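What follows is a single structure, written as C-alpha cells, with notes after it.
The values are calculated or read from the model by the stated rules, or taken from the named source; none is laboratory data. This structure is a prediction, so every number in the text was calculated from the model and none was measured. Quick reminder, even Gly has a Cβ in these numbers, built from the backbone with ideal geometry, and neighbours come from all protein chains shown.
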Amino acid sequence: MRTVEHADRGPLTREELARLVAADIPHGSYVNLGIGQPTTVADYLDPAADITLHTENGMLGMGPTAQGADRDPDLINAGKIPVTELPGASYFHHADSFAMMRGGHIDVCVLGAFQVSQDGDLANWHTGEADAIPSVGGAMDLATGARNVFVMMSLFTKKGEPKLVPACTYPLTGRRCVTRLFTDYGVFLPGPDGVRVRETYGITFADLADRLAVPLLALVPTG
Amino acid sequence: MRTVEHADRGPLTREELARLVAADIPHGSYVNLGIGQPTTVADYLDPAADITLHTENGMLGMGPTAQGADRDPDLINAGKIPVTELPGASYFHHADSFAMMRGGHIDVCVLGAFQVSQDGDLANWHTGEADAIPSVGGAMDLATGARNVFVMMSLFTKKGEPKLVPACTYPLTGRRCVTRLFTDYGVFLPGPDGVRVRETYGITFADLADRLAVPLLALVPTG
Amino acid sequence: MRPVVFRDADEAVADIPDGATILVGGFGTAGQPQELIDALRRHGARDLTIVSNNAGNGDTGLAALLAAGQVRRIVCSFPRQTDSWVFDRLYRAGEIELELVPQGTLAERIRAAGAGIGAFYCPTGVGTMLAEGKEVRTINGRDYVLEYPLHGDFALIKALHADVAGNLVYRKTARNFGPVMATAAACTIVQVASVGDLGTIDPEEVVTPGIYVDRVVPIEPAEPGVAA
Amino acid sequence: MRPVVFRDADEAVADIPDGATILVGGFGTAGQPQELIDALRRHGARDLTIVSNNAGNGDTGLAALLAAGQVRRIVCSFPRQTDSWVFDRLYRAGEIELELVPQGTLAERIRAAGAGIGAFYCPTGVGTMLAEGKEVRTINGRDYVLEYPLHGDFALIKALHADVAGNLVYRKTARNFGPVMATAAACTIVQVASVGDLGTIDPEEVVTPGIYVDRVVPIEPAEPGVAA
C-alpha cells in the first residue's frame, strides 16, 4: 500500500467523507456511529456488507431513522432520534450495553472530534472554555472500548487552524485511541512515530506537510 | 425476650429442627437453602408465609422437588436435584444470580456447618484434611452475601465434641457471618461479646454452659 | 417482600426524605418515570442527589424537579442538551453540584452497587479530566482508574409490565438504566403500564426479577399502545 | 461477523490448539455442551486449561476429556462430587492442577473479562484459604479481595435456540454460565437444539446477543422436548 494523492480534485464534501468511512468498514462488523456527522455514515453502508449497528442506549440491529407513524418514543438512538428495529435485533440494559463496548466487542466506532493528536489522542467532548457545561455521555466509553476508533472531521477549523495536532489542547476524551482519521483533505493513520498518510484529497502530500505541524509519513509498498 | 429453657424434653429431632428454622424465616423473605439438611426446611415453610426460594444456579421461585415425569434435566437446584417452577418464577445467568446474592438481596440463607465460632465465623466447606479434595461451590458467596445467615447443625460431633467453638479449627467459609445458629440443643445468636442463647432443648442453660467452651449469655427482657 | 402495588404515584413516593439519593431511570425521555418524578416534585423533598443519565429536558419531569430547587447535586453523564435550559441556568448560577461520569462508568458503578462489588478498575477516562484525583493502576500493561459503586436510597424507574411478584419487562430502548438501577437502591419504585397476575410473564423473559422491586404503580400511558 | 453455522461438532472445534484456555458451560450436566466436549476429546488438543463450574461427572463429557489426559489445569468451584472419580484420581495423582474459586467469584471474573473490567474488589472469601496471597482492601469498613478477569480463548456452551445472527435463548436453569462465558472468549462456540431465521427470537427476549457468538452447531436433543 502506498500513499495516494488525489490533488487533481477538491477536498471531500461531507457526503463524500461519509461515503468513504462507510466503505472502509469491514464486512460483517458490529459498528457504533457517534452522534452528529458520524450518524450519516449509516446512509452509505452497503446492505450486502452485513453491518450490525449498535446504539449504546441498549440495542443491536438498529435500522434507519423512523419516519411519520413509525416514530416511537421508546425506540431511539444515542442522539435521541427515533429509529427502527431490524430483524435479528436485540435489546439490553445500559450496563450490558457498555460492557459490550468496554469489553472490546464493537469492531468499529465512528466519532467526530475537535482535535486528534499525532499519536491518536482524541479530544471531542469539551471545549475547555471556562463557562462551558461539560457533557461527556458515552464518548469516553466509545473511544476506550471499540476495537477500532475511526474519527471523521474537517482537517482545519473555520479559522484555518489544523485539528490534527502534535498534542491536543482541548481536554482529552481518550489517549492513543484513534486508529484511523478521515478528513476532507485526507485519511491519516496516527502512530507513535508519526502520522501515516493513506491518501490525500485536493492537496498534495507536500502541501499537507507544510500546513500541519505533525510529522507526516508516506506509506510505501512493502514486500 | 428472655432465654427459654425446654429442659423437660429431649433435644430436637432433625425434623423438629427444620420446622423451627422454617418458622423463624420472616414472611415475604427471599431465601436460599443450602445443599443437604437445609434443603429439608422447604418442606416446613408455611405456604401463607409467601417465601420465595432462590437457587444460585439461576432461578427465583423454585418449587418442590420434581417427581416422575416432571423431572427435567434442565431444571435443577444447586444440589443438582430436579425441581419445579412456581408461577412468578424467573431465570437468570450465573453472574446475575450471584450479584443478587453478593449484593445483599437475599434475606436469609440456611447453611449446614462443621463449626461455628462464638463471634459467628463459619466453617462448612473443607475438613482441612491433607488428602481432602477441596470443593467450595457457592458456600462462601452465600455466607458473605445473604443478609442473614442461618446455620443448622447438631451441636456436638458424634464423639461429643462441641461444634460451637471459641475459634474454628476447620478452614473458614466466612468471617463473622452467622447471624443465627439452630442446633438440636438450642438456638444461639453469635456476637462479639459472647453467644446469646435464645432457647434450649433437652438441656438447661447451666448444663449447656458446662459443655461448651464459649461464653454463653442469657437473654434478658428489656424495656 | 412482595412489592406493594400503589394506585397513586403520590403515595408511592410520600416517604422519600430530604437529602435522599435517588436513581432516576431514562435516557432522555425514553424510560423516564415522568409520573413518579412529578409526584416527587409535588411531595417536595429537598436537598436531593439525583443519579440519572441526563439532567432534564424542557420544563417537565426532571427539569421541573430541578426548577423547584429540590435537587442539590446531580450525578450524570450528559447534562447539556439543546433543551436543558433549566439545568444550564442552575449550573451557571452555582445552584447545583454536578458530578460528571462517563455513561458506561455510570451504568457499571450502579451495577456494582447492586452486585456487592466494592470497587472496580475501569479503563474509561484514563488520562482525562474525569480521572483526575482517581487511583490509577496498570494491569497487564493497560491503565485503569478505580471506580466506586453508586447506591441509591430510592430508585424511580419505568417498565412496561409487572406481575404481582414484581417481575418486570421493559419496552425497546426504554429499558436502558431501569434494570441496573432496580438492583442498586434500598427501595425501588416502578411505574408500569400494567400489572398482571403471576404467570403473565414467562420466567424465561423476565428482565428484572421481582426481588429488586419494592413498589409498583400502574400508570396508563397517555396514548394506548405507546408508552408515555 | 455473523456466526458460522456448522453441521458438525468436530469441524466446529477443529482449530482449538494445544494449550488453549476453554470456558465450558454447564452446572453439573444442565447446560453442559456434551457434544462439543466429545468433539474436543476426539480432536485431541492437549495441555488445556478448562474453566467450568464442575470437574466432570461419571465417565462422559468433561470427565472423559480429563480421563484422556488432555487437561493440564482446571479452574472451578466444585470439583468434588459423588461421581467425580476421574477428577479425584487425577488430582490425587498430581496429574491435574486445580484453581478453586468461589462460584460467584468465578462467574464475576468471567463477566469482568467480557466487560473490559481490569479487576474488582470482591467481599467473598475474605479471611479464608481461598484469599491467601490476594490483595485485601478495606472500603467503607468492609474488607474485599482483589479478583482478576478470567478470559477464554474459546467458550463451549449450550443454548436452546439460535437465530442466524447468533442471538441465543436458553432453557430454564441450563442457562447458568452460558451467557457470561459467551462474552469472555475470543471464539464462542454454541451447540443449540435448533437454528432459525432472523425474527425467530423476539428482540426483547434475546439473552445472548449475536455479537458474542462465533460458531453455532445445531444438535438435536436425544429426546425431543427435553434438552439432552
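Summary table
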item	result
Checking C:Phe154 against (1) touching a residue at least 60 places away in the same chain (Cβ under 8 Å); (2) more than 30 Å from D:Arg137 (Cα to Cα), the condition it does not meet	(2)
Top-ranked residue in segment B:35-45 [being modelled with pLDDT under 95 and assigned to a loop (DSSP other than H, G, I, E, B); ranked as nearest to the other protein chains (Cβ to nearest Cβ)]	B:Ile35
Strands (runs of 3 or more DSSP E) fully within segment C:150-228 counting 1 or more residues that are of a type in the set (Ser, Thr, Tyr) and surrounded by fewer than 23 Cβ atoms within 10 Å (Cβ to Cβ)	C:185-196
Residues of segment A:173-187 satisfying the condition of being touching a Leu at 6+ places or on another chain (Cβ under 6 Å) and under 14 Å from A:Ile203 (Cα atoms)	A:Thr183, A:Asp184, A:Tyr185
Segment A:23-34, residues that are surrounded by 18 or more Cβ atoms within 10 Å (Cβ to Cβ) and in a loop (DSSP other than H, G, I, E, B)	A:Ile25, A:Ser29, A:Gly34
Segment C:127-148 - residue that is part of a loop (DSSP other than H, G, I, E, B) and at the interface with chain D (Cβ under 9 Å from one of its Cβ atoms) and, of those, farthest from A:Cys177 (Cα to Cα)	C:Tyr148
Close pairs (7 angstrom Cβ cut-off, 6 or more residues apart or separate chains): within 12 Å of chain C (Cβ to nearest Cβ) and closer than 19 Å to C:Val126 by Cβ in segment A:108-131, surrounded by fewer than 23 Cβ atoms within 10 Å (Cβ to Cβ) and aromatic (Phe, Trp, Tyr) anywhere	A:Ala123/A:Phe114; A:Ala123/A:Tyr170; A:Asn124/A:Phe114; A:His126/A:Tyr170; A:Gly128/A:Tyr170
From A:Asp193, A:Asp121, A:Asp141, residue being among the charged types (D, E, K, R) and in contact with a helix residue (DSSP H, G or I) (Cβ under 7 Å, 6 or more places away or on another chain)	A:Asp141
Residue check for A:Ala143: of a type in the set (A, V, I, L, M), within 12 Å of another protein chain (Cβ to nearest Cβ) and surrounded by 22 or more Cβ atoms within 10 Å (Cβ to Cβ)	yes
Residue in segment D:113-126 that is farthest from the chain's Cα centre (by Cα), counting only those that are without any contact (Cβ under 8 Å) to a residue 60 or more places away in the chain and more than 9 Å from chain B (Cβ to nearest Cβ)	D:Tyr121
Scan of segment B:49-85 for residues that are at the interface with chain D (Cβ under 10 Å from one of its Cβ atoms), assigned to a strand (DSSP E or B) and in contact (Cβ under 8 Å) with a residue 24 or more places away in the chain, ordered by number	B:Thr55, B:Met59, B:Met62, B:Val83, B:Glu85
Restricting segment B:1-22 to residues that are in a loop (DSSP other than H, G, I, E, B) and modelled with pLDDT of 95 or more, the residue that is surrounded by the most Cβ atoms within 10 Å (Cβ to Cβ)	B:Leu12
Selection from segment B:86-103 of residues that are without any contact (Cβ under 8 Å) to a residue 40 or more places away in the chain, buried (at least 20 other Cβ atoms within 10 Å of the Cβ) and facing another protein chain (nearest Cβ under 7 Å)	B:Gly88, B:Ala89, B:Ser90, B:Tyr91, B:Phe92, B:His93, B:His94, B:Ala95, B:Ala99
